[in-house]
Amino acid sequence: MKILGIETSCDETAVAAVDDARQILAHRILSQDSAHRPFGGVVPEVAARAHLQNLERLVRETVEEADLTLSDLDGIAVTAGPGLIGGVIVGLMFAKGMASVLSKPLIAVNHLEGHALTARLTDDVPFPYLLLLMSGGHCQLLIAEGVGNYIRLGGTRDDALGEAYDKTAKLLGLGFPGGPAVERWAEKGDPTRFTFPTPMLGDGSCDFSFSGLKTAVRYQAAELTLDDRLRADICASFQHAAGKVLGDRVNNAIRQFRARHPQGKNLVIAGGVAANRYLRGILEALGKKTGMTLIAPPGKLCTDNAAMIAWAGIERLKLGLSDSLETEPRARWPLAEG
Ligand code: KG4
Ligand code: ZN
């Protein structure tokens, strides 16, 4: 089975071809970073227009690189939400056009499920597993019990962790996108210089709150004259606080996961923030302590990409799940009701 995947829900235009032997046959990602950089964040309309300009070419290049013709494809998988609605509409309409003209199944994929199933593409992880999904718009802990079957243990009450990274970078003038920049600066900094808030630590829940952390960074950055030493120390202290909270929450989640699945042993991380090496280190250590194995897909498959959408399409199509050409784009689309 060979599936084409299309991802346009944020600021990456991505297309990939993947087969059911877990091979990525071709994979194209066009980052729009330079278009959004002057604004310090993603501008939805700029993103949608860029998807429109580039998608057709990327599809052609991907199919060529995979050494396929369009008729070799068994289906078209596309992100149908959640995300910036203009971009989602561009991708979904394009995929519907392809599916219709080629008479192939359309698979409307939840972007979050794309992230959630990536570890099954890269590491063939069996269900059930504990899933920490952390991206620019989401931060949640779930139990993945099957395709389309997720139990939510907790999530953020305000900002997503990626958002906190991006805002910290913006406050410190570190550029866009923020997450990788904060990680780089943190490597040179002193994590003990500032004590940033670690809300709800020790309360036993699997919920997060990152808005206080962001506010503390803003006050700290305003209080002192920013120089490179200070930037690095704030980044390191911020990341230290984020890691502490993450470790505590995941520890609680492991307990809940084990209560439901005593034999379960895999902790999977997904989403753009899962590319962060420092946080991976913390979770790796926690895994060792609790007898869980950390499964972390390579960084380029943690951030938004189309291979994960194609793979989710394969998983769904294998179960006989496909979608009608009437499928609507969705700006909001929870993976599991809390
Ligand atoms: O999954 P993703 O590519 O897009 C969304 O679906 O949101 O995640 C993007 C987020 C951004 O907030 C970005 O700053 C963050 O992931 N991110 C990172 C790193 N790489 C990307 N955050 C921390 N450390 C990183 N290395
Ligand atoms: Zn994402």
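The values are calculated or read from the model by the stated rules, or taken from the named source; none is laboratory data. Quick caveat: nothing in here was measured; it's all calculated off a predicted structure. Here the Cβ is made from the backbone with ideal geometry for all residues, glycine too, and neighbour counts use every protein chain on show. Note: accessible area is taken over every heavy atom of the protein model, side chains too, but ligands, DNA and RNA are not part of it. Shrake-Rupley method; radii C 1.70, N 1.55, O 1.52, S 1.80 Å.
Filter segment 112-127 for residues that are out of contact with any Leu (no Cβ under 7 Å at 6 or more places or on another chain) and closer than 13 Å to Ala310 by Cβ and give the result.
If the condition is that a residue be out of contact with any Leu (no Cβ under 7 Å at 6 or more places or on another chain) and closer than 13 Å to Ala310 by Cβ, then Gly114, Leu117, Arg120, Leu121 are the ones that fit.
Inside segment 140-172, can you point out the residues that are of a type in the set (Ser, Thr, Tyr) and within 16 Å of ligand 2 (Cβ to nearest atom)?
The answer is Tyr150, Thr156, Tyr165.
Taking Ile309, is it at pLDDT 95 or above, in a helix (DSSP H, G or I) and within 16 Å of ligand 2 (Cβ to nearest atom)?
yes
Kindly list, by first and then second residue, each pair from a residue in segment 131-146 that is of a type in the set (A, V, I, L, M) to a residue that is open to solvent by 10 Å² or more (accessible area, probe 1.4 Å) and within 12 Å of ligand 2 (Cβ to nearest atom), limited to pairs with Cβ atoms under 6 Å and residues at least 6 apart or on different chains.
As it stands, the answer is Met134/Val273, since those pairs meet every condition given.
Only residues that are under 30 Å from Thr290 (Cα atoms) and either in contact with a Gly (Cβ under 9 Å, 6 or more places away or on another chain) or surrounded by 17 or more Cβ atoms within 10 Å (Cβ to Cβ) (or both): list them for segment 215-246, please.
Of the residues in segment 215-246, the ones under 30 Å from Thr290 (Cα atoms) are 235-246.
Once the filter is applied, which keeps residues that are under 30 Å from Thr290 (Cα atoms) and either in contact with a Gly (Cβ under 9 Å, 6 or more places away or on another chain) or surrounded by 17 or more Cβ atoms within 10 Å (Cβ to Cβ) (or both), segment 215-246 yields Cys235, Ala236, Ser237, Phe238, Gln239, His240, Ala241, Ala242, Gly243, Val245, Leu246.
Report whether or not Ala181 is in contact with a strand residue (DSSP E or B) (Cβ under 7 Å, 6 or more places away or on another chain), closer than 28 Å to Pro38 by Cβ and open to solvent by less than 40 Å² (accessible area, probe 1.4 Å).
Against the criterion (in contact with a strand residue (DSSP E or B) (Cβ under 7 Å, 6 or more places away or on another chain), closer than 28 Å to Pro38 by Cβ and open to solvent by less than 40 Å² (accessible area, probe 1.4 Å)), Ala181 does not qualify.
Collect the residues in segment 66-116 that are in a loop (DSSP other than H, G, I, E, B), open to solvent by 10 Å² or more (accessible area, probe 1.4 Å) and away from ligand 1 (no atom under 14 Å from the Cβ), keeping them in residue-number order.
The answer is Ala66, Asp67, Leu68, Thr69, Asp74, Ser103, Lys104, Pro105.
Can you tell me which condition Ser237 does not meet? The list is (1) over 15 Å from Ala186 (Cα atoms); (2) in a helix (DSSP H, G or I); (3) not β-branched (Val, Ile, Thr), and all the others hold.
(1)
Would you mention how many residues in segment 314-338 are in contact (Cβ under 8 Å) with a residue 40 or more places away in the chain and more than 19 Å from Gly271 (Cβ to Cβ)?
Residues in segment 314-338 being in contact (Cβ under 8 Å) with a residue 40 or more places away in the chain and more than 19 Å from Gly271 (Cβ to Cβ): 14 in total.
Given Arg37, Arg22, Arg49, Arg60, which one is within 24 Å of Arg330 (Cα to Cα) and surrounded by fewer than 20 Cβ atoms within 10 Å (Cβ to Cβ)?
None of the others qualify; the one that does is Arg49.
Inside segment 266-300, can you point out the residues that are assigned to a strand (DSSP E or B), over 24 Å from Pro191 (Cα atoms) and under 14 Å from the mean Cα position of the chain (by Cα)?
Val268, Ala270
Which of the residues that make up segment 1-21 are more than 16 Å from ligand 2 (Cβ to nearest atom) and closer than 22 Å to Ala99 by Cα?
Filtering segment 1-21 down to residues more than 16 Å from ligand 2 (Cβ to nearest atom) leaves 1-4, 17-21.
Across segment 1-21, the qualifying residues are Met1, Lys2, Ile3, Leu4, Ala17, Val18, Asp19, Asp20.
How many of the residues making up segment 301-338 are within 30 Å of Ala241 (Cα to Cα) and more than 18 Å from the chain's Cα centre (by Cα)?
Going through segment 301-338 one residue at a time, the tally reaches 2.
Inspect all residues belonging to segment 66-83 and state whether any of them is under 24 Å from Pro297 (Cβ atoms), touching a residue at least 12 places away in the same chain (Cβ under 8 Å) and out of contact with any strand residue (DSSP E or B) (no Cβ under 8 Å at 6 or more places or on another chain).
yes
Filter segment 252-265 for residues that are without any contact (Cβ under 8 Å) to a residue 60 or more places away in the chain and either touching an Asp or Glu at 6+ places or on another chain (Cβ under 6 Å) or in a loop (DSSP other than H, G, I, E, B) (or both) and give the result.
Answer for segment 252-265, where residues must be without any contact (Cβ under 8 Å) to a residue 60 or more places away in the chain and either touching an Asp or Glu at 6+ places or on another chain (Cβ under 6 Å) or in a loop (DSSP other than H, G, I, E, B) (or both): Pro262, Gln263, Lys265.
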